[in-house]
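Visitor: Let me give you the structure first, and then I'll get to my questions.
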Amino acid sequence: MVSFPPCKINLGLNILNKRPDGYHNLETCFYPVSWTDILEVIPSDTLTFSSSGNSIPGRVEDNLCLKAYALLKRDFDLHPVKIYLHKIIPTGAGLGGGSSDAAHTLRLLNTIFELNLSNEQLMQYAAALGSDCAFFIQDKPMWGLGRGEVITEIDVKLKGKFLLLVKPNIHVSTAEAYANVKPHHPEVSLQHVLTTRPVRDWKNAVKNDFEDSVFGKYPEINEIKKKMYALEAIYSSMTGSGSTVFGIFDSPFDANKHFSSIENWSGILD
């Protein structure tokens, strides 16, 4: 059985406070984007994992797809499977590709073995794998709280807008992204802005709190955002902890003409 795990962008990301467990509470809107990996899970005599495409950092045994299988195996009598992942979404880019692969592994296993787990149950398993894994259980915009694992539906409409993602050859670690972040509660509700105000009003009202920290160390990422606005983006931001920058436009155009030397993806949003 084959699935196409998508990536995500963050529409706003506010770091609210630091928790006793060392994590931070945040609020954000996760929005799915159809820049996808390709994931295949089929029954097998032995449990195996293989991949192609972009290289995946870390040890194979630590891959989140295998961890997703092991998580369900603890509670269900799963037979072995062969997991094959063709990696297209850039890693370490703030796009959540690894989390999406893990969530879609759970979804495929649920179907293959007829576990009959609800979305709510799958989200509980996914949250144990990573902060934003639960979002990828459903293919719709979601409002994220806590570490990003507490999610509810949000009515954000971007259908028909042209999206451009640009991923420079820069890896931003989560630790360095958090290094200079100053937690705060925004004066205006992010959720209210996203659901009631037009996208053109977001520029001065919707912010990713990681930008101040990351742009200071990697000004070339900020330059990409500036170029998005020069190309008449109606809204632009870094996604997650970086380094990918996205721009939302009213009309499509040839992105490679402007970013031919940098990895990019563009398409019409669903």
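The values are calculated or read from the model by the stated rules, or taken from the named source; none is laboratory data. Values in this document were obtained by computation on a predicted structure and should not be read as measured data. Backbone-built Cβ (ideal geometry, glycine too); neighbour counts: all protein chains shown. Keep in mind that these areas ignore ligands, DNA and RNA; they rest on the heavy atoms of the full protein, side chains included. Shrake-Rupley method; radii C 1.70, N 1.55, O 1.52, S 1.80 Å.
Visitor: For the structure I just gave you, tell me whether I38 is in contact with a His (Cβ under 8 Å, 6 or more places away or on another chain) and not aromatic (F, W, Y).
Guide: Here the answer is yes, as I38 does meet what is asked.
Visitor: Any residue at all in segment 170-179 that's open to solvent by 70 Å² or more (accessible area, probe 1.4 Å), hydroxyl-bearing (S, T, Y) and over 13 Å from F30 (Cα atoms)?
Guide: Yes; the residues of segment 170-179 include at least one that is open to solvent by 70 Å² or more (accessible area, probe 1.4 Å), hydroxyl-bearing (S, T, Y) and over 13 Å from F30 (Cα atoms).
Visitor: So, in segment 151-178, how many residues would count as being touching a helix residue (DSSP H, G or I) at 6+ places or on another chain (Cβ under 8 Å) and of a type in the set (A, V, I, L, M, F, W, C)?
Guide: Of all residues in segment 151-178, those touching a helix residue (DSSP H, G or I) at 6+ places or on another chain (Cβ under 8 Å) come to 151, 154-156, 158, 161, 164, 166, 168, 170, 172, 176-178.
Narrowing further to those that are of a type in the set (A, V, I, L, M, F, W, C): 151, 154, 156, 158, 164, 166, 170, 172, 177.
Qualifying residue count for the region: 9.
Visitor: Okay, moving on. Being outside any loop (DSSP other than H, G, I, E, B), open to solvent by less than 50 Å² (accessible area, probe 1.4 Å), at pLDDT 95 or above and farther than 29 Å from N264 by Cβ is true for just one of L26, L85, L71. Which residue is that?
Guide: Working: L26 fails: farther than 29 Å from N264 by Cβ; L85 fails: farther than 29 Å from N264 by Cβ.
Answer to the selection: L71.
Visitor: Inside segment 185-216, can you point out the residues that are farther than 20 Å from L145 by Cβ, within 22 Å of the chain's Cα centre (by Cα) and among the basic types (K, R)?
Guide: K203
Visitor: Out of S50, S55, report the one residue that is outside any loop (DSSP other than H, G, I, E, B) and among the polar types (S, T, N, Q).
Guide: S50
Visitor: If you scan segment 1-15, which residues turn out to be open to solvent by 30 Å² or more (accessible area, probe 1.4 Å) and assigned to a strand (DSSP E or B)?
Guide: Passing the criteria: only V2.
Visitor: Given the residues S99, S52, S44, which is the only one that is more than 17 Å from the chain's Cα centre (by Cα), open to solvent by less than 50 Å² (accessible area, probe 1.4 Å), under 22 Å from N169 (Cα atoms) and modelled with pLDDT of 95 or more?
Guide: S52
Visitor: How about segment 203-233: which of its residues are in contact (Cβ under 8 Å) with a residue 60 or more places away in the chain and open to solvent by less than 40 Å² (accessible area, probe 1.4 Å)?
Guide: V206, N208, D209, F210, M228, A233
Visitor: Based on this model, can you work out whether T195 counts as open to solvent by less than 20 Å² (accessible area, probe 1.4 Å), touching a residue at least 12 places away in the same chain (Cβ under 8 Å) and of a type in the set (V, I, T)? Lay out the reasoning, then the answer.
Guide: Details: open to solvent by less than 20 Å² (accessible area, probe 1.4 Å): no; touching a residue at least 12 places away in the same chain (Cβ under 8 Å): yes; of a type in the set (V, I, T): yes.
Spelling it out, it is not the case that T195 is open to solvent by less than 20 Å² (accessible area, probe 1.4 Å), touching a residue at least 12 places away in the same chain (Cβ under 8 Å) and of a type in the set (V, I, T).
Visitor: Oh, and also: Anything in segment 108-123 that is open to solvent by 60 Å² or more (accessible area, probe 1.4 Å) and not hydroxyl-bearing (S, T, Y)? List them, or say none. Break it down into steps so the answer makes sense when it comes.
Guide: Start the filter on segment 108-123 by keeping residues that are open to solvent by 60 Å² or more (accessible area, probe 1.4 Å), which leaves 111, 114, 116, 119-121.
Residues satisfying the conditions are E114, N116, N119, E120, Q121.
Visitor: Next question. Please indicate, with yes or no, whether at least one residue in segment 236-251 is open to solvent by 40 Å² or more (accessible area, probe 1.4 Å), touching a Leu at 6+ places or on another chain (Cβ under 7 Å) and aromatic (F, W, Y).
Guide: Checked segment 236-251: no residue is open to solvent by 40 Å² or more (accessible area, probe 1.4 Å), touching a Leu at 6+ places or on another chain (Cβ under 7 Å) and aromatic (F, W, Y).
Condition check ((1) over 25 Å from G97 (Cα atoms); (2) modelled with pLDDT of 95 or more; (3) touching a strand residue (DSSP E or B) at 6+ places or on another chain (Cβ under 7 Å)) across all residues:
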site	(1), (2), (3)
V193	yes, yes, no
K225	no, yes, yes
T239	no, yes, yes
S261	no, no, no
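Visitor: Please state which of the following conditions K18 fails to meet, knowing it meets all the rest: (1) under 19 Å from E176 (Cα atoms); (2) crowded, with 19+ Cβ neighbours inside 10 Å; (3) basic (K, R).
Guide: (2)
Visitor: May I pose another question? I'm trying to understand the selection: among the residues of segment 137-159, which are open to solvent by 60 Å² or more (accessible area, probe 1.4 Å) and under 17 Å from A126 (Cβ atoms)?
Guide: D139, K140, L145, V150, T152, E153
Visitor: Which number in (1) loosely packed, with under 13 Cβ neighbours inside 10 Å; (2) more than 19 Å from A205 (Cα to Cα) marks the one condition that I262 misses?
Guide: The number of the failed condition is (1).
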